[in-house]
Structure formats: structure tokens, C-alpha cells
1. Of A:Thr47, A:Thr120, A:Thr213, which is the most mobile in a GNM of chain A whose springs link Cα atoms less than 10 angstrom apart?
2. Can you tell which of B:Ile188, B:Gly172, B:Val204 lies farthest toward the positive end of the dipole of the stretch B:93-216, using +1 and -1 charges on the Cβ of basic and acidic side chains (Lys, Arg; Asp, Glu)?
3. By per-residue mean of other Cβ atoms within 10 Å, what is the highest-first order of A:100-106, B:102-108, A:182-188?
4. Could you list the residues of the stretch A:31-75 with an amide nitrogen less than 20 Å from a label point located 7 Å from the Cα of A:Arg93 in the Cα-to-C-beta direction?
5. Write down, largest first, the equivalent ellipsoid semi-axes of the stretch B:131-288 in whole Å, where each equals the square root of 5 times an eigenvalue of the alpha-carbon gyration tensor.
6. Take the stretch B:93-216, drop everything but the C-alpha atoms, weight them equally and run the Debye formula without solvent; then report log10 I(q)/I(0) at 0.14, 0.18, 0.21 Å⁻¹ to two decimals.
7. Using r as the Cβ-Cβ distance of A:Lys18 and A:Ser53, and R0 as 25 Å, what FRET efficiency do you calculate, to the nearest 0.05?
8. Given the pairs B:Lys125/B:Lys174; B:Lys109/B:Lys174; A:Lys35/A:Lys90; B:Lys125/B:Lys169, which are separated by over 22 angstrom at their Cα positions?
Amino acid sequence: MSGNNNAHKRGESALSAKGLVKRFKTGRTFIEVLKGVDFDARHGDVTMVMGPSGSGKSTLVAALSGLLKPDEGHVAALEADDLWSLPKGKIDRFRLDHCGFIFQGFNLFPALTAKQQVMTVLKYQDVGPGEAARRAQAALESVGLGPRVNQRPSELSGGEKQRVAIARALAKNPNLIFADEPTSALDGKSGETVIKLLRAAATERGAAVICVTHDPRLEAYADRVIHIEDGRILDDVRRTPEANPAPLSH
Amino acid sequence: MSLALATLLYEWRRYMAAVVALAFSGLLVLAQVGMFVGIGKGFTAQIDRARADIMVLGPGAKALFGGPSGLPRRMIPLVYSHPEVIQVAPLDGSGGRFQNILSPEQQAKAEARAKRGEKGGGGRKTEFVNVTVIDAIPGYVTVPTDYSNDMIEALRRPYSVAIDQTALKRLGVKKGDKAIYNGKTITIGVVTTGYPNIIQPTLVMSRDTLRMLGEADTGQRVGPLMVSIRDPARAEIVAAQLNKKADGKFRAWTRQELADANSGAMLEDQIIGIMLGFSAFLGLLIGVAITWQTLRGAIMANIKEFASLRALGVSMGDLRNIVMELSFWVGIVGVLAAGLLTWLVSLLATAGGVPMYFPPVLIAIVAVFLVVIAMLSGFLSLGVLKNSQPADLLR
């Protein structure tokens, strides 16, 4: 895969946030979902954000990635010193240029083939059709879907759909990859394929992978595990990813 | 293939309601205009198929009927004076009461039926009819191109008339019957095809027959002039030269020009204009309402996919473009469907003896109209995209 390979930046800070606060209004009361969270992530790392549901981990990712404006706090990501001070269009452009997203639901257009799904996003990055087709093919091959590029989502299994979503995110050569429960809708074997692909994106391409999950088996693949509960970070542990983690499927 | 087009083709069931709504909006307008223009064509069929290369009307007249289209008799030599003009003949016409004649047996039968309270034809009929003339000379400028020599021969006989087959039932006659026109006996000598007129039946007779009936123009004014010239290809040039010569006293038209002006004049007519305007408005309303709601629903169904594009950095403007493109394609498919429906309806109409005619300009206008409806609906549906909050995908 071509493009901006950031393997050389490994270890450098890709993203840092200070004092993130986010409140949601429910009825007459405000619920504070994030209570002053500090966060940082480095190139080449897989950072796991773990916690029970309602702990604020998804909100944290939304605030870090420019999807949901925090009420207080500051996010610096790559060359953007203060992401949330940028105008809306610039934030869109930042995400287009630098961010890949993988969601729990696959969110693929039913009408498009795997290759078209990937190419659609590349088109908006002003990649020419020939180049887009080539990169889409390469991205799909890298996630092991080479023979299935012309299938529509209805003809793909859940794991294959998630791999298309990953290819869609990776084809852009993003420096930041956000994954929200990427394996929870998948069986053990498919989940393992997916987390290995994310691990590889961090190791080989130097992307900062931020993965929200409550699946403890994924810890084995992480460089760093952050536990979050009730909108606060409980602990932040650096670890060495296991060379041969136990399979997710039993 | 673009995302919009691929989605429309793959999820066509979702968009079916919009396409059908557009198709019927188009049909509503097309079928009505087609019918009115078809009726207008019925009025002027004899002129459209005339041998004349140029027609000369009074100044200001736009159509052969529905206005003072005649001119003073002294203009005939003025037109003749153009060196390329070969023949000039005024169109003449009249109108009056037409009655069929029943034999005593038919009369008795009809009375018996009436006594039993049955409905059905066969009785005495009285209708007002139009009369137009031809010169019963083969190849003459007033003779329609599709009249055979036998037909002309038959019309040359005194008091012989031609009736279109679509009018036979209405007038209660058949070929060879005798009938009464303005109190004088005439014979149905010829039955024509392709000259339907659903407003008023038309009799065609020779100029001499009209004269014998005492209704020919003999005064200072004559009807529109039919002109044939040496080289029909030069019709436009000769018409222009005649107009220069006329100096405002008459206007020369080529056949095509007059045919176009005729259908135009038809639409300018008050009642028809109001009816068409109203049904176009209704079509717009129905089309927009249904198409809008359908598009809304269809976009809502894919809102998560749109949200994932937003997350990946595709701007709101680009998503709006996708929706607008989608509605454009829905419009195009709607145009095709409207065309198909209208074709089917026109087949039905033709089978029922109602002439329909669709000028290309009209088809183009309706096509644009449908695409505008679709785009308008797409524009109204843009609000749904606000629901494509990528943050909602994170949960």
C-alpha cells in the first residue's frame, strides 16, 4: 500500500487531549459523561479504551476524533493544535485526510460492491478513478478479501463486512484509526482477524489506533490499556503486546 | 457508477412510489395536452395534408380556425404575381344542420325500440356540421395528399360529400346513404380515415357542390389561400418574398410554420390554458408530495451509511449532492415511466377514436417539468440529512 507511511514516527505523540468535559441533558438534569479526561495516543500504538457501558468511552472517542464537540477541554491532533477551534469544514477535512473509523455496525451501502464502498470514500479525497480502483483493490486484498471485491454487503458474512469497513478506513492511509467495539458483532474467529488487521495497521504503518472495547481478550494485542469508568480514567497501563496471543475463539 | 445511481438501481423498490408518482404526474399533463393538440390537429388535418406549400392568411391570424383568417379576394392576383407561384385557391367552408334519412322500415324499427324504452342508435339524428371544400381535380392544391383519384371522382358528382369514418355513427349514416344538409339532399359518396374531429363532424365537398347549395363565398372576402409553388424546397424563401410584397396586407406561412402556430394558438385558448395550468399544478403538487416523502424514507433507511461517510470526513455539501443526484435520476426514470404510460394511454385513445398528438416541444417541457419535480422533492428531503450524526454511530 502506498501513501503516507508513518512507521518512522512510531512513538511520537499523535493525539493529546486535556480536561475533556462533556455533559448531556436528560430531562431537567445534566449528566456529566466525561469529567475532565486527559488522554494521549502515539503513532504505532494500539491504545485500548476499556470500561463498562455508560462509562463514557464512546463519547471520549467522539470528542477525540472531531465528531462531537466537548463542552470543555482541548484536543491536539497531528498538525491541528486545537482541533475544536477549527471551523466545521476544516474538521471535516481533517477527518477526511487523517481519520479512519470502524464502527460496531458496518454501515456499508447495500447497493455498492466491496470495491465501490472503498472507492466512494477515496473519490471525496480527490483521488482519480484509476488510482482509487487500484488502492481499493490493494486495501481489500490486504484484509484478505481479494476474491470478493465485487460482492455486495448482502452476499458477505459479518466478518467480511467488517473487513470491508476496515479496508474503507485503511485505503485512506489514515494516521488516526478509531475503532468502536469493532469485534462485538462478530464471532471469535472473525474478531481475531479484525483485531490483527488493526494491530498490523499500527505496527506496519505507524498509525495511532484507538480502540474502544469491553472485550478483555483484545488486551493481548494492545500496547496500552486505559480503563475508564464514570467519565474518569481509572488506570493507564503500558504493556507489550503478546507475540502469539491466545485465539479469541475457544 | 455513482453511489446515487447504484442505490437507485439496487433499491428500486424503495423508489418505486416516487417513480410512479412522477409517471402519473407526467401522464396527467401529457395526456391532456396530447388530447387537446390532437383535437386541434383534427381541425386542421385537411390543411396539414394539403398539397399547398404556402398558405396565405389575413394579417394577425395565427390559425386557420378560431379567428379571422380570411382576406379580400383582390389578394389572389397579388399572390399569383409571384413568378414561382403555380396555383392559388381559396379555402372555403360553411356549416349547417345535418340530418340522416331513414327508410320506412328503419323508422318503424326505431319507433318500436323507443316504445320498449330501449336505448341505442338507429333513430333520426340531427347534428351541426362543418363543411370544407376541395377542388375536385386530381392533384389540385386544395386536395389533401391522401385523397385517391377515386375519392376525388366520387366527390365530383353533384351533392356528393365525404365524411370521416369516426363521424359515421354520430351522424347515423353509412357510405352511399342519402342525408339532408340545410334542407337539401346530399349523398355520402366517400368515407375518409384519419380526419377525426370530436367536437363537430366535418363534411368535405367539392367547391361546385357548395356553390350549388348556395353557400360558396362569392363576395369580396375569401378564406385562407392555398398556394403551390414550382419548387417546394423553396417554400421558406417564397413565403418571405410574398410577405415582403404583402406589406402587412396578408401573411404567408409555410405549412410547418402554420402547423406549429396552430397548436400554439390552441393552447393560448383561455379555457384550455386554465385547464392545463391547473392540471400541471395538481401534477406538481402530487408529484412533489409523494416523491418528497418517498425520498425522505429512502434516505432515512440509509442514514447510518451516510453518517459513516460523514465520520470519514465527507462533507455535508457532498452528501447533499448525493441526494440531489439521486433525485435527478429518480426524475429521469420517472420521465421514462411517464413516456411508457402515456404511450399506453394514447394507444387506448386511438382505439377509442380520440386522436392524440404529442409535439416534441411539449414532450421536452414535460420531461423537464418532471425532473424539476424530482429535484424539488430532493431539495425538500435534504433536511433528513441532519439526522446523519456520526457520533450516534458510536454506541
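1. A:Thr120
2. Selected residue: B:Gly172.
3. Working: A:100-106: 24.1, B:102-108: 11.7, A:182-188: 18.7.
The packing order, highest mean first, is A:100-106, A:182-188, B:102-108.
4. A:65-69, A:75, by backbone N distance to the label point.
5. Working: eigenvalues 201, 143, 47 Å².
Working through the eigenvalues yields semi-axes of 32, 27, 15 Å.
6. These q points yield log10 I(q)/I(0) values of -0.59, -0.91, -1.18.
7. Values: r = 26 Å, r/R0 = 1.02.
Calculated value: 0.45.
8. Details: B:Lys125/B:Lys174 13 Å; B:Lys109/B:Lys174 18 Å; A:Lys35/A:Lys90 27 Å; B:Lys125/B:Lys169 10 Å.
Pairs exceeding the cut-off: A:Lys35/A:Lys90.
Read-outs: derived from the displayed coordinates by stated rules, not from any lab. Given the structure is predicted, the values throughout are model-derived calculations rather than measurements. Note that each Cβ is placed from the backbone with ideal geometry, even for glycine, and that neighbours are counted across all protein chains shown.
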